[in-house]
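Take a look at the structure below.
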Amino acid sequence: MRNLFSTLSRNENNNVFLNSLSVFLLTILIILESDVCFSDEDSRFDGIHFDGNLSLRDNEFAASDYGNQISFRPLAVLFPGSVSDVATTIKLIYKMGPHSPLTVAARGNGHSVQGQSQAPGGVVINMKSLGGNTMKVQTGPSPYVDVSAGELWIDVLNQCLKSGLAPKSWTDYLYLTVGGTLSNAGISGEAFRHGPQINNVLQLEVITGLGDVITCSDETNADLFYSILGGLGQFGIITRARISLEPAPQKVKYITVLYTDVGVFIKDQEHLISAKRTFDYIEGFVIVNQTGTFFVLEVAKYFNPDTADSISQEIQSILSELSYIPSTLSELEQSYLEFLDRVHRTELELQQLGLWDIPHAWLNLLIPGNKIQSFVEGVFGKIINNTNNDPVLIYPVNKSKFDNRTSFVPPDDDVFYMIALLFHANASSIGIDGLEFLNDRNKRVLDFIEANQVGAKEYLPQYSTQEDWKAHFGPRWDAFVQKKITYDPLAILSPGQRIFQKGRVRL
Ligand SMILES: Cc1cc2nc3c(=O)[nH]c(=O)nc-3n(C[C@H](O)[C@H](O)[C@H](O)COP(=O)(O)OP(=O)(O)OC[C@H]3O[C@@H](n4cnc5c(N)ncnc54)[C@H](O)[C@@H]3O)c2cc1C
């Protein structure tokens, strides 16, 4: 007990008094609930109340994320050893009522860029502690895998490949957790045909803001199921997910071609996402430098070695319908695993150069198809004059593949584009104020969107006022608040999204 309070006094929280009070109340509640006492050694509980460990020390990692711009220390980090550890924690904090400042954030792999997985002065739940040999692959005509929400997608893939199966929809990078991407959407080059990852989930196990453990699906507790998918961690913590699978292809032909005319580029991209005979993966990126603005179409066809010849013919035939600059075609054959895990290779290179754990000024936008050309013409070469070898993604998806019952908010058009401005602050290439410069430039992009009524939505949104959130959800705002009242009435969960204030949720 002594240790608990001495650790607390070392924490740099804004409101030490309120947090002291909260820990005191938390302590009393735990003791009343379960006969638990604290060890004199550290912050572990002796009464076997937690299968894992609640740590009050050395928790700096939970105050950081991939963005490296925002840092709020939690009061404690729970390394859950079981689902009931998570439920107990939330239930206890719920019982403390609206005046306690304690909140709870699930931390997946901490790859948010604006503190979304942080809990200032609250409890961070390290979801990766829940994983570990608990994946179960179900083969047969409708295969699926049951996984802990703290599993990384790379581990899910490797496990499924052992049975010749794989999930259908991906993110470009696989060192993200299942719970983290399902709280957003999980969008990549397969989304135009399979929808995002949130469209490929059959069942979830969730712990609500009241501490209730609920299994939900399209058939059971459907309202909770769809609220949670794309729900930014607002309605519950996902502890397990059942993900739909398909037979895994062995090989991939990955092709890139170049365009200089944005109109021709987007015409070809939109043709590909609506054509019956097309590629399995469709993305693209923009390069801006002193010589101009260029567009690279990236496509991939999946296949097994016994169909290599016919696949090559099919690829030629699909490519013959496109209008890229012929001399720019490049083709690469890879294993399916190599292809899906491509960004990790870049990560390792950047880590060696010291360019991975640095500030990232990312801005992800969803632009309605009918505004994409004017957006590109107004932003690239005008607001963004140099992409400096950083990835700037541009690719369309079909809105019909995004289930409108989820909490994900798409823009208002049948086709919309992912525009991912993935800049890192690099003093040597942009000047000493790299981060400030990039954040200011992102603001100018957002100002352009507003001034020209582009009707864009942010993906992985970074709003800081409730007014902005209201505008983001538009006509869906009231329903979103109503769900919050139902599933997390005290606004305990995911404070880092900055949508609700603890204890203040109202229509
Ligand atoms: C290099 C890189 C590449 C990326 N590529 C893509 C991409 O191609 N497509 C794409 O869609 N996204 C992409 N992302 C973004 C990614 O989807 C988000 O960062 C997402 O937050 C997942 O990261 P995470 O697992 O680390 O979750 P965290 O950042 O830890 O958490 C994200 C949010 O979800 C909440 N949360 C986490 N786990 C749970 C849970 N189990 N239950 C409820 N809430 C939870 C957190 O509290 C937080 O609010 C990329 C990110 C990086 C860094």
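General observations
- FRET efficiency for Arg506 and Glu458, using Cβ-Cβ distance with R0 set to 22 Å, rounded to 0.05: 0.35
- Per-residue ³J(HN,Hα) for the stretch 174-186, Karplus 6.51 cos²θ - 1.76 cosθ + 1.60, θ = phi - 60°, Hz, x for Gly and Pro: 9, 8, 10, 8, 4, x, x, 6, 5, 6, 10, 4, x
- Only protein heavy atoms count here; under a 1.4 Å probe, Phe380 has an accessible surface of about 10 Å².
- Put simply, when 362-373, 381-392 are sorted by average Cβ atoms within 10 angstrom per residue, most first, you get 362-373, 381-392.
- Interchain or long-range residues, amide H under 5 Å from Tyr281's placed H: Ala300
- Estimated dipole of the chain in Debye, rounded to 20 [Cβ of Lys and Arg +1, of Asp and Glu -1, Cα centre]: 960 debye
- Amide H to amide H distances under 5 Å link Leu229 with Ser407, where only residues 5 or more positions off or on other chains count and H is placed in the peptide plane.
- Rounded to the nearest 20 debye, dipole of the stretch 87-243 from Cβ charges on Lys, Arg, Asp, Glu: 260 debye
- Integer Hz, Karplus 6.51/-1.76/1.60 couplings in order for the stretch 444-450, x for Gly and Pro: 5, 5, 5, 5, 4, 4, 5
- Distance from the C-alpha centroid of the stretch 244-264 to that of the stretch 390-419: 18 Å, rounded to the whole angstrom.
- The peptide list 232-239, 399-406, 306-313, 447-454, put in order of mean Cβ contacts within 10 Å with the highest first, becomes 232-239, 399-406, 447-454, 306-313.
- Label-to-label distance for Ser217 and Gln290 is 6.1 nm, based on points extended 7 Å past Cα in the beta-carbon direction.
- Residues whose placed amide H lies under 5 Å from that of Val104, excluding near-sequence neighbours: Val123, Leu493, Ser494
- Spin-label pair Thr139/Ile383, simplified geometry with 7 Å Cα→Cβ offset, distance in nm: 5.2 nm
- Ordering of 289-298, 481-490, 417-426 by packing [mean C-beta count within 10 Å, highest first]: 417-426, 481-490, 289-298
- Sulfur and carbon atoms: percent of accessible area, the stretch 251-459 [1.4 Å]: 50 percent
- Straight-distance crosslink candidates among lysines, where the alpha carbon sits under 29 Å from Lys502 and sequence neighbours closer than 8 are dropped: Lys91, Lys95, Lys128, Lys443, Lys457, Lys470, Lys483, Lys484
- Shape of the chain, Cα gyration tensor, a/c cut at 1.5: prolate
- Probe 1.4 Å, protein heavy atoms only - accessible area per residue of the stretch 131-247 in square angstrom: 31 Å²
- Helix content alone sets the calculated 222 nm mean residue ellipticity of the chain: runs of n ≥ 4 DSSP H residues at -39500 (n - 2.57) each, divided across all residues, give -9000 deg cm²/dmol.
- Per-residue extension of 0.36 nm, minus the Cα-Cα distance of Phe61 and Thr328, leaves a gain of 91.7 nm for this segment.
- Among beta bridges identified by DSSP and lying wholly in the chain, the antiparallel ones come to about 90 percent.
- Solvent-accessible area of Lys251, all protein chains in place: 70 Å² (probe radius 1.4 Å, heavy atoms, ligands and nucleic acids excluded).
The values are calculated or read from the model by the stated rules, or taken from the named source; none is laboratory data. Model, not experiment: these values are computed from the prediction. A quick note on method: Cβ atoms are made from the backbone with ideal geometry, for glycine too, and the neighbour counts reach across all protein chains shown. We work out accessible area using only protein heavy atoms, side chains counted, and drop any ligands, DNA or RNA first. Shrake-Rupley method; radii C 1.70, N 1.55, O 1.52, S 1.80 Å.
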